[in-house]
Amino acid sequence: MRKKIVAGNWKMNQTLSEGKNLVEGILAGLPALNESKEVVICPPFVHLSQTAAQLDEYEHIYLGAQNCSSEASGAYTGEVSAQMLQSTGTHYVIIGHSERREYFNEDDALLARKVEQALATDMKVIFCCGESLEIRDSNAQNEWVGKQLKSALFHLGDLLMQRIVIAYEPIWAIGTGRTASAAQAQEMHAYIRHVIASQYNPVLADNMTILYGGSAKPSNAAELFACPDVDGGLIGGASLKAEDFLGIINAMMAS
């Protein structure tokens, strides 16, 4: 059965004390989750051990990291390996976020190696894909997203692919003044599911969780999550306020 997930990506925000208070606020209002509906909190690396301890007694709310190295270990100053993340209690890792692609020039070949490293430690991967404004305006979004999936994921076998969560980021609708409608989100999510079904099989595709990563907030989460192929959200700014994040979680619970 397909899981519904709300994942909060704090990006490069929150001191240790701020992060501790934020998690406390989320936990204070957290509804009863279950095996089909999960929450993931993805703070910066320095928070991982602290946040893991806060989440320890709670079920179906998991720790996630925002990135991992493409290497297992060695002389890579400043990098954090998948094994290090796993040792803190990290359950998920975000790979391929649009900001990593744009600001740090991470290409599909590098992302494929990061996916392999994360899966080798038994973590699950939230793999991000999505198109820019230029690609959307040229109506080439399907080909672009399909290529991202093929290049970074389609070397995986069925069993490993089952540990992938896809997050669709309409980059053209983030900070541009343009908005992606629920219908546009549903259209791309359905296409992603179709591509996976074609590469693997319809059962695997139907069971795969596909998240929306385009500025979801409490005011639009219910409409987005009502779409048949939108299984939750990868939340940025709204995950930094407990009230807002809980509003999105509650929308997932009602969907």
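The values are calculated or read from the model by the stated rules, or taken from the named source; none is laboratory data. As the structure is a computational prediction, the values presented were derived from the model and not from experiment. As a convention, Cβ positions derive from the backbone with ideal geometry for all residues, glycine included, and neighbour counts pool all protein chains shown.
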For this session: List every residue pair whose Cβ atoms sit under 9 Å apart, with the two residues 6 or more apart in sequence or on different chains, where the first one lies in region 229-255 and is farther than 27 Å from residue 194 by Cα and in contact (Cβ under 8 Å) with a residue 60 or more places away in the chain and the second, anywhere, is aromatic (Phe, Trp, Tyr) and surrounded by fewer than 24 Cβ atoms within 10 Å (Cβ to Cβ).
Result: 239/10; 240/10
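Looking at region 118-130, can you tell me whether even one residue there is more than 21 Å from residue 208 (Cα to Cα) and crowded, with 19+ Cβ neighbours inside 10 Å?
No, region 118-130 has no match at all.
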Exercise. Does residue 136 satisfy the criteria of being part of a helix (DSSP H, G or I) and either touching a Phe, Trp or Tyr at 6+ places or on another chain (Cβ under 8 Å) or crowded, with 21+ Cβ neighbours inside 10 Å (or both)?
Worked result: yes
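Results for (1) acidic (Asp, Glu); (2) under 17 Å from residue 128 (Cα atoms); (3) out of contact with any helix residue (DSSP H, G or I) (no Cβ under 7 Å at 6 or more places or on another chain), shown as yes or no for each residue.
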residue: 2; (1), (2), (3): no, no, no
residue: 15; (1), (2), (3): no, no, yes
residue: 19; (1), (2), (3): no, no, no
residue: 28; (1), (2), (3): no, no, yes
residue: 32; (1), (2), (3): no, no, yes
residue: 35; (1), (2), (3): yes, no, yes
residue: 45; (1), (2), (3): no, no, yes
Exercise. How many residues, within region 14-45, are among the polar types (S, T, N, Q) and not in a loop (DSSP other than H, G, I, E, B)?
Worked result: 3
Exercise. (1) in contact with a strand residue (DSSP E or B) (Cβ under 9 Å, 6 or more places away or on another chain); (2) modelled with pLDDT under 95; (3) not aromatic (Phe, Trp, Tyr): which one isn't true of residue 123, the others all being true?
Worked result: (2)
Exercise. Given the structure, is residue 187 acidic (Asp, Glu), closer than 18 Å to residue 220 by Cα and assigned to a helix (DSSP H, G or I)?
Worked result: yes
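Yes/no matrix, rows are residues, columns are (1) touching a helix residue (DSSP H, G or I) at 6+ places or on another chain (Cβ under 6 Å); (2) touching a residue at least 12 places away in the same chain (Cβ under 8 Å); (3) within 25 Å of residue 118 (Cα to Cα):
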site: 164; (1), (2), (3): no, yes, yes
site: 168; (1), (2), (3): yes, yes, yes
site: 186; (1), (2), (3): no, yes, no
site: 196; (1), (2), (3): yes, yes, yes
